[in-house]
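The values are calculated or read from the model by the stated rules, or taken from the named source; none is laboratory data. Remember, it's a predicted structure, so these values are computed and weren't measured experimentally. So basically every Cβ, Gly included, is an ideal-geometry build from the backbone, and we count neighbours across all protein chains shown. Side chains are part of the model used for accessible areas, which takes the heavy atoms of the whole protein and leaves out ligands, DNA and RNA. Shrake-Rupley method; radii C 1.70, N 1.55, O 1.52, S 1.80 Å.
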Protein chains: 2
Amino acid sequence: MSSSHAVVAVDVGGTEIKAALARGPVPSVLRQLRRATPKLADGTATAEAVVAEVADIVAVLSEGERPEAVGVVVPGIVDDERRVGVFSANLGWRDYPFGEALAAKIAGPLAFGHDVRAGGLAEARLGAGQGFDDLVVLPIGTGIAGALIIGGRPHSGGGYAGEIGHLVIADGPECACGQRGCLELIASSSAVARRYTERSGRTVSGAIDVATALRAGDADAKLVWGEAVDALARAITQLATLFAPQAVVLGGGLAMAGELLTGPLGARLDELITIQRRPELRRAALGDQAGCLGAALMAIEAREGR
Amino acid sequence: MSSSHAVVAVDVGGTEIKAALARGPVPSVLRQLRRATPKLADGTATAEAVVAEVADIVAVLSEGERPEAVGVVVPGIVDDERRVGVFSANLGWRDYPFGEALAAKIAGPLAFGHDVRAGGLAEARLGAGQGFDDLVVLPIGTGIAGALIIGGRPHSGGGYAGEIGHLVIADGPECACGQRGCLELIASSSAVARRYTERSGRTVSGAIDVATALRAGDADAKLVWGEAVDALARAITQLATLFAPQAVVLGGGLAMAGELLTGPLGARLDELITIQRRPELRRAALGDQAGCLGAALMAIEAREGR
């Protein structure tokens with residue numbers, strides 16, 4: 001296969017843009033680069049600066065190649081069909097027409113979509129979700145996002161699907177989203193670290209420190225971790241009740257705890273699940289490459305006119 | 001179009017089998033019949049008797065016609081792909097191979113599936129869900145079932161998807177499913193009637209009597225109805241958070257209350273919904289014909305080899 005079959009994939013994150021030149025049909029990365037995500041005072045200006053940066057990255061990665069398609073994914077609420085960035089809390093844009101703006105600067109077939117759904121697609125096709133048609137990919141980091149993969153395709157719901165972090169799990173504190181008791185206030189990596197510090201008075205750099213304390217038998221860590229596991233198990237049970245995925249793929253910072261998360265989570269799930277199909281729990285395989293690989297898969301599909 | 005393009009559709013219910021000879025592509029019913037569902041002491045014997053009854057119905061409806069395909073739908077947990085009745089609480093079968101058993105008695109293309117998903121498909125294509133790609137059809141009767149229609153197709157989840165009645169909404173009484181606080185213990189038609197009787201001491205024949213009492217200003221009816229509306233709104237909010245349907249189509253006994261249900265339900269949803277896409281609320285249009293029409297649609301697709 002010649003390098004003329006290459007595509008450029010760009011994953012725009014809240015702080016960093018990851019990009020790669022890759023060759024399909026199973027993307028193999030030829031070269032990569034990372035740059036800081038531009039942030040300006042105004043959301044629309046930020047979106048415009050992101051588009052300019054992406055166009056420059058595509059030009060740089062294309063040197064000496066002739067990429068046949070480009071895939072770009074961005075965070076927030078993304079309407080894949082209209083190719084619009086509906087909203088990003090981090091980057092501030094609202095209803096920005098990324099598809100149009102990117103197409104004005106980048107030649108050839110262009111795929112545009114959502115970072116989390118792209119990452120879910122990559123885990124489903126290339127990572128921990130291989131072999132399943134219906135699955136949920138759950139990156140647990142600062143927040144908790146989710147990609148619902150149905151019949152092998154991400155379900156978008158106009159950009160609004162998969163907001164698993166905002167399932168109401170218990171009576172709890174008010175969330176920035178306006179609801180009370182959202183999952184991500186209890187079980188995101190940030191929440192686990194914050195709740196541990198609140199309880200113990202000890203400052204930690206993240207959930208991984210809480211996992212270390214837990215391994216050492218720390219009682220505060222045990223309580224906070226147990227509450228996170230319970231909340232996640234309740235959320236996965238709701239997913240199983242409505243959507244019945246064959247598997248749940250856990251990613252992000254919290255999943256780096258490995259068996260310390262999946263062990264008790266599986267046990268709690270066994271207690272909560274009654275008539276539902278019990279999803280298998282898997283750890284994500286692609287790490288922070290998932291979004292970029294997903295963008296590459298989308299570019300390969302765009303090239304093929306799908 | 002000649003009558004040779006007819007199909008036979010059979011909807012096996014817990015107490016009654018509804019069947020029709022229909023002509024596509026938009027099914028128009030040529031003739032109909034209803035029979036009691038056979039019930040024997042043993043679940044497998046019941047399933048076998050149902051298969052024999054369905055075969056007889058198909059023969060009767062086929063007289064003078066040459067139906068090109070047959071569609072059969074049954075209740076419970078149904079694995080559409082394997083064509084197996086996994087479980088029916090009402091009719092008692094477990095893992096009964098309906099597809100195989102029906103094919104042994106009925107010639108030609110055969111579609112087999114789930115009554116609720118078939119009804120959802122019919123509402124989506126022919127009824128209140130027309131114009132939406134992603135919707136939930138929610139029949140609220142003795143229990144609360146749900147059909148998730150995604151991209152115009154029912155999502156099966158191996159037969160386990162759409163168990164909206166078993167979403168855990170609040171700390172509540174124990175459900176037959178083994179969980180506590182399931183939606184259908186608060187908001188099904190039966191639950192509304194039962195809870196009203198428990199509270200008021202007045203016997204009612206169903207939720208429609210509670211609606212009548214509510215119209216007359218009865219305080220017990222107001223409380224019980226309000227709790228049902230609140231629970232339904234919470235469940236629909238969870239659906240919106242995960243799956244983001246464009247519309248929720250309400251059917252079954254409770255939806256017969258019309259604006260008395262959709263008015264307060266819409267208002268409560270407006271309070272609860274924050275970042276989610278607010279689904280439109282619609283009343284089901286096809287009544288108890290939905291399952292049979294869905295079976296006809298499935299038969300038409302089977303005839304076309306889809």
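So, with +1 on the Cβ of K and R and -1 on the Cβ of D and E, and no other charges, what is the size of the charge dipole of the protein assembly as shown about its Cα centre, to the nearest 20 debye?
Computed about the Cα centre, the dipole is about 160 debye.
Under a plain spin-label model, where a point goes 7 Å from the Cα along Cα-to-Cβ, how far apart in nm are residue B:16 and residue B:89?
2.2
Taking Cα atoms, how many degrees apart are the long axis of helix B:189-200 and the longest axis of chain B, rounded to 10 and kept between 0 and 90?
Helix B:189-200 sits at roughly 30 degrees to that axis.
Add -39500 (n - 2.57) for each DSSP H run of 4 or more in chain A, then divide by its residues: what number comes out at 222 nm, to the nearest 500 deg cm²/dmol?
Computed mean residue ellipticity for chain A: -12500 deg cm²/dmol.
From the C-alpha gyration tensor of region A:1-48, pull out the three semi-axes of the equivalent ellipsoid (sqrt of 5λ each), sorted largest to smallest, in whole Å.
Whole-Å semi-axes of the equivalent ellipsoid: 29, 10, 7.
Every other copy gets compared here: list the nm distances from the residue A:125 label point (7 Å along Cα to Cβ) to its counterparts, shortest first, one decimal.
The projected label point of residue A:125 is separated from its counterparts by 3.0 nm.
Measuring nothing but label to label, 7 Å from Cα along Cα→Cβ, what are residue A:94's distances to the other copies in nm, shortest first?
Nearest to farthest, the other copies are at 5.6 nm.
Enumerate the lysines that residue A:18 could reach by cross-link, defined here as Cα to Cα under 25 Å, with residues fewer than 8 away along the same chain left out.
Excluding near neighbours in sequence, the set is A:39, A:105.
Are there trypsin sites (Lys or Arg not before Pro) in region B:77-146 that DSSP marks as loop and that have at most 16 other Cβ atoms within 10 Å, and which are they?
B:82
How many square angstrom of accessible surface are buried between A and B, both sides summed, with a 1.4 Å probe and rounding to 100?
2500
Stokes-Einstein diffusion coefficient for region B:185-234 at 4 °C in a medium of 1.567 mPa s, Rh from the Kirkwood formula over Cα pairs: what value in µm²/s?
Roughly 126 µm²/s, to the nearest whole number.
Report, in degrees rounded to the nearest 10, the 0 to 90 angle that the Cα long axis of helix B:43-62 makes with the longest principal axis of chain B.
Once rounded, the angle reads 60 degrees.
So for each of A:18-27, B:216-225 I average, over its residues, the number of other beta carbons within 10 Å; can you give me the resulting order with the highest mean first?
Final packing ranking: A:18-27, B:216-225.
Where in region B:230-251 does accessible area fall by at least 50 Å² between the isolated chain and the complete protein assembly, at a 1.4 Å probe radius?
SASA drop of 50 Å² or more in region B:230-251: B:238, B:241, B:242.
For region A:283-305 and region A:62-93, what is the separation of their Cα centres, given in Å?
Taking the Cα centre of region A:62-93 as reference, the centre of region A:283-305 is 13 Å away.
How far is residue B:219 from the same spot in each other copy, in nm, shortest first, if each label point sits 7 Å from Cα toward Cβ?
4.8
From the Cα trace of region A:237-306, what convex hull volume per residue do you get, rounded to a whole Å³?
So the per-residue hull volume is 100 Å³.
Once you treat every alpha carbon in the protein assembly as shown as an equal point and sum by Debye, what is log10 I(q)/I(0) at q = 0.05, 0.09, 0.12 Å⁻¹?
The calculated log intensity ratios at q = 0.05, 0.09, 0.12 Å⁻¹ are -0.25, -0.78, -1.24.
Once fully extended, how much extra length lies between residue B:105 and residue B:176, figured as 0.36 nm per residue of separation less the alpha-carbon to alpha-carbon distance?
22.0 nm
Return a whole-number percent for the relative contact order of chain A, with Cα pairs under 8 Å and 6 or more residues apart as the contact set.
Relative contact order for chain A comes out at 20 percent.
If you place +1 on the Cβ of every Lys and Arg, -1 on the Cβ of every Asp and Glu, and leave all else neutral, what size is the dipole of chain B about its Cα centre, to the nearest 20 Debye?
360
Give me the mean projected area, in nm² to one decimal, of the convex hull enclosing the Cα positions of region A:131-284.
Across all orientations, region A:131-284 yields a mean hull projection of 9.0 nm².
Which semi-axes, in whole Å and largest first, does the equivalent ellipsoid of region A:1-130 have when worked out from the alpha carbon gyration tensor as the square roots of 5 times its eigenvalues?
So the equivalent ellipsoid measures 23, 17, 13 Å along its semi-axes.
Calculate what fraction, in whole %, of the accessible area of the protein assembly as shown sits on carbon and sulfur atoms when a 1.4 Å probe is rolled over the protein chains.
50
More than 29 Å apart: what percent of Cα pairs in chain B qualify?
36
About the Cα centre of region A:131-284, how large is the charge dipole given +1 on each Lys and Arg Cβ and -1 on each Asp and Glu Cβ? Please answer in debye to the nearest 20.
For this selection, approximately 140 debye.
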